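Student: After the structure tokens below, expect a handful of questions from me.
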Amino acid sequence: MTESQYQKKLIDQYTKQGYLVIKMIKTNIVGIPDLLLLKAGEIPIFIEVKGPNGRASKIQEYRIKQLIDMGFLARIDKCS
């Protein structure tokens, strides 16, 4: 499964669970995760999606930690 296929799978999965899923295509913040998941009454979730051979860059790892430190849920999700 490619990274884009896996990302689509995640979008569909979370949409079915009632989340508003925003694909972050181009932002003013370097390293921001690919997906932002929003649901009323829930803490926002940021997900960086990686393909089977993908690795997070240092700035992506930094942003994940930064978001967690700010109280958000954030993670790197790699397809298998």
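Student: Mind telling me which of the residues D77, D34 ends up being surrounded by fewer than 17 Cβ atoms within 10 Å (Cβ to Cβ) and closer than 22 Å to M1 by Cβ?
Tutor: D77
Student: So, restricting to strands (runs of 3 or more DSSP E) that lie completely within the range 1-68, which ones have at least 2 residues that are within 13 Å of the chain's Cα centre (by Cα) and of a type in the set (D, E, K, R)?
Tutor: Correct list: 45-50.
Student: For I43, are the conditions met, namely being closer than 17 Å to D12 by Cβ and touching a residue at least 24 places away in the same chain (Cβ under 8 Å)?
Tutor: When the stated conditions are applied, I43 does not pass them.
Student: So in the range 69-80, with the set limited to residues that are assigned to a loop (DSSP other than H, G, I, E, B) and not hydrophobic (A, V, I, L, M, F, W, C), which one is nearest to K9 (Cα to Cα)? Can you show your working first?
Tutor: Applying the first criterion (assigned to a loop (DSSP other than H, G, I, E, B)) to the range 69-80 yields 70-72, 79-80.
Then drop every residue that is not not hydrophobic (A, V, I, L, M, F, W, C), which leaves 71, 80.
On the way: G71: 26, S80: 13 Å.
Across the range 69-80, the extreme among qualifying residues is S80.
Student: Could you give me the residue pairs with C-beta distances under 9 Å whose first residue belongs to the range 68-80 and is on the phi > 0 side of the Ramachandran plot, whose second residue is loosely packed, with under 13 Cβ neighbours inside 10 Å and at pLDDT 95 or above wherever it lies, and which are 6+ apart or on separate chains?
Tutor: Final answer for the pair search is G71/I43.
Student: Continuing with the same structure: For residues that are touching a helix residue (DSSP H, G or I) at 6+ places or on another chain (Cβ under 7 Å) and in contact (Cβ under 8 Å) with a residue 40 or more places away in the chain, scanning just the range 46-63, find the one that is surrounded by the most Cβ atoms within 10 Å (Cβ to Cβ).
Tutor: V49
Student: Among Y14, Y19, Y6, which is surrounded by 12 or more Cβ atoms within 10 Å (Cβ to Cβ), touching a residue at least 40 places away in the same chain (Cβ under 8 Å) and not polar (S, T, N, Q)?
Tutor: Selected residue: Y6, the only one of Y14, Y19, Y6 that is surrounded by 12 or more Cβ atoms within 10 Å (Cβ to Cβ), touching a residue at least 40 places away in the same chain (Cβ under 8 Å) and not polar (S, T, N, Q).
Student: Could you please tell me which pairs satisfy a Cβ distance under 7 Å, a separation of 6+ or placement on different chains, a first residue in the range 22-34 that is touching a residue at least 12 places away in the same chain (Cβ under 8 Å), and a second residue that is part of a loop (DSSP other than H, G, I, E, B) and among the polar types (S, T, N, Q)?
Tutor: G31/S57
The values are calculated or read from the model by the stated rules, or taken from the named source; none is laboratory data. Keep in mind it's a predicted model, so treat the numbers as computed, not measured. Here Cβ is always computed from backbone atoms with ideal geometry, including for glycine, and neighbour counts include all displayed protein chains.
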